[in-house]
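Okay, so here's the structure we're looking at.
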């Protein structure tokens, strides 16, 4: 079981799992915070999501499905996804799993999807990108701002782009959107848009986890403090 404090850390954990052949997954969901421990105990009893390394390796030797549960903060609760390897097991019997290798069954969370994409000078690798329909809408939006005489909306849009998580697939899309915006601004006779010198990278080894009970207690306390200060 993997419990993290940030959505981006969950994306890293899921990317690493799929790269290790945990291809079968549930759609992402949200568990209310006050039900989190009860739901996780059910998953542990059914699928062994928190079993020891020795038990996990025994499943592997028997050719059985091994299952992981990834949890992260999401609104008023915990975002979660179950993700498993190939092989028989309770998770295959009780859950409607999708295969991350199939284009229509990719792991999709919020506006991002996990895909196997080529890399310049390297073999294809798993990486996150913005879903393609949303990506096309963003190109249109950015270019529309770039053609305006008032560049304030274009500048703010570029700042939003820079806050995207820095996975390789996302960075490729960022560069393409910025190039399209510069092209349209130039054709419309507008001044050059601000130069983006660096796009963020994600540290792919980031995987800090902690016991669920500790996480829930800290998150409940944090939200109570926020409620008091409003």
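General observations
- In Å, descending, principal axis extents of the Cα set of the chain: 65, 50, 27
- Convex hull of Cα atoms in the stretch 14-141, direction-averaged projection (nm²): 9.8
- Note: relative contact order over the chain, using C-alpha pairs below 8 Å and six or more positions apart, is 22 percent.
- Least to most buried among 5, 25, 94 (fewest other Cβ within 10 Å first): 94, 5, 25
- Exposure proxy ranking for 42, 92, based on other Cβ atoms within 10 angstrom of each Cβ and starting from the fewest, stands as 42, 92.
- Long-range tail of P(r) for the stretch 119-187 (Cα pairs > 15 Å, %): 53
- GNM result for the chain, Cα springs below 10 Å: residue of 114, 178, 71 fluctuating most strongly: 178
- Computed from Cα atoms, the angle from the helix 53-62 axis to the main principal axis of the chain rounds to 90 degrees.
- Look at the alpha carbon pairs under 8 Å that are at least 6 residues apart: their mean separation over the length of the stretch 119-187 gives a relative contact order of 46 percent.
- Structure remark: mean-square fluctuation, Gaussian network model of the chain, C-alpha springs under 10 Å; the largest value among 150, 140, 56 belongs to 150.
- For the chain, the longest principal axis of the Cα atoms and the long axis of helix 152-162 meet at an angle of about 30 degrees.
- In plain terms, the residue of 43, 7, 22 with the fewest other Cβ atoms within 10 Å comes first and the most crowded comes last, giving 7, 43, 22.
- Degrees between helix 168-187 axis and first principal axis of the chain (Cα, 0 to 90, nearest 10): 20
No value in this document is a laboratory result; all are computed from the given coordinates. From a predicted model like this one, the values you see are computed outputs, not experimental measurements. Cβ sites come from the backbone with ideal geometry, for glycine too, and all protein chains shown count toward neighbours.
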